[in-house]
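Down below is the structure, laid out as C-alpha cells.
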Amino acid sequence: MTNGCACDTVQATSLIVAENGLIDHIRQHAKLSEAAYRGPESWSYRSQFQILLALGRRFTPTPSPDDLIGMPDRLCYGNAARYAQSHRDEGVVYAEGFALTHAGLDFYLPHAWVVHPDGTALDPTWDDAPGRAYVGIPIADSRLWPDDGRGLLHDFDRTLPLLRDGFPRRALADLGRPLIAEGAA
C-alpha cells in the first residue's frame, strides 16, 4: 500500500467517525423531542430531527475556493442560500442540517452550507476551514432556500409545515451519501 492510499483510508475513516457522531447527536435529540412532545399522529414527522434522520444525507467537506470571501458568521442560512443562488449555474444547492466544527472546537451545530453535484459540502460561512462533517438535507427547490437568514429546520413558521406535510414533491436533491454508511449493519 502506498503512503497516499494509507492517508486516504485514514481520512475516510475519520470522516465516517465524525459523521457517525453527528448522526448519533441527531438521534439523541430525536428521542428527547419524541419523549417531550407528542404531535398529531397524522403529521409526517414529530421533530426536525426525525426529518433529518428520514431524509438526511452525508456530505464530504471540501476546502473553500481561494476567491471565496468569508460571509458573516452566525448567518449561515442566509449565507448558504445566497451563495447557492449566485452559483446555481455550477449546480450547487442549499443544504441544512448539522455540522461538526473544524478540529479543535468539536461542536455539533445546526448549520447550512451548499452542496456540489458531486456531493461535497462547501461552507461559505466557515471560510477559514471547513467543518469536519456535514449531515443534512439538500434542497433542490430554490423557492425553499431561506435567503432571509432563518433556517428551514429551526424557524417555527418554516418548520411547522414540514413537520405536518413533509417536503413538497421534487423539493430535495439526490446528492450526498446515505446516512447508513456502506458496510454498516
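The distance between label points at Arg88 and Val17 comes to 4.2 nm (points 7 Å beyond Cα on the Cα→Cβ vector). Please work out whether the range 86-185 counts as rounded, prolate or oblate from its C-alpha gyration tensor, where a ≥ b ≥ c are the square roots of the eigenvalues and a/c under 1.5 means rounded, while otherwise a/b larger than b/c means prolate and anything else oblate? Rounded shape, in that the Cα axes give a/c under 1.5.
Span-like helix check, the chain: qualifying full DSSP H segments, with Cα axial length of 27 Å or more and mean Kyte-Doolittle of 0.0 or more, are 3-36.
A helix-only calculation puts the chain at -11500 deg cm²/dmol for mean residue ellipticity at 222 nm, using -39500 (n - 2.57) for each DSSP H run of at least four residues, averaged over all residues.
Select one label from (i) 9, 31, 32, 19, 7, 2, 0; (ii) 9, 30, 24, 18, 12, 6, 1; (iii) 10, 38, 36, 14, 3, 0: the one whose number is P(r) over Cα pairs in 10 Å bins from 0, in percent as derived from the coordinates shown. Computed from these coordinates, P(r) over Cα pairs in 10 Å bins from 0, in percent corresponds to label (iii). Averaging the sequence gap over all C-alpha pairs within less than 8 Å and six or more residues apart, then dividing by the number of residues, gives the range 13-112 a relative contact order of 23 percent.
For the range 70-180, the relative contact order works out to 31 percent when only alpha carbon pairs closer than 8 Å and six or more residues apart are counted. About its Cα centre, the chain has a charge dipole of approximately 740 debye under the convention of +1 per Lys or Arg Cβ and -1 per Asp or Glu Cβ, with nothing else charged. Positive end of the dipole of the range 9-137 (Cβ unit charges, origin at the Cα centre): among Thr125, Tyr77, Ala36, the Cα lying farthest that way belongs to Ala36. Across the protein chains, with a 1.4 Å probe defining accessible surface, the residues Tyr37, Tyr94 rank Tyr37, Tyr94 from largest area downward.
Taking all Cα pairs closer than 8 Å and separated by 6 or more residues, the relative contact order of the chain comes to 28 percent. With both residues required to sit in the chain, DSSP beta bridges show an antiparallel share near 90%.
Which shape class applies to the range 28-134: rounded if a/c is under 1.5, otherwise prolate when a/b exceeds b/c and oblate if not, where a ≥ b ≥ c are the square roots of the Cα gyration tensor eigenvalues? Prolate shape, in that a/c is at least 1.5 and a/b is the bigger ratio.
The values are calculated or read from the model by the stated rules, or taken from the named source; none is laboratory data. Not measured: the values here are computed from a predicted model. Cβ coordinates were reconstructed from backbone atoms using ideal geometry, including for glycine residues, and neighbour counts include every protein chain displayed. What goes into the accessible areas is simple: the full protein's heavy atoms, side chains included, and nothing from ligands, DNA or RNA. Shrake-Rupley method; radii C 1.70, N 1.55, O 1.52, S 1.80 Å.
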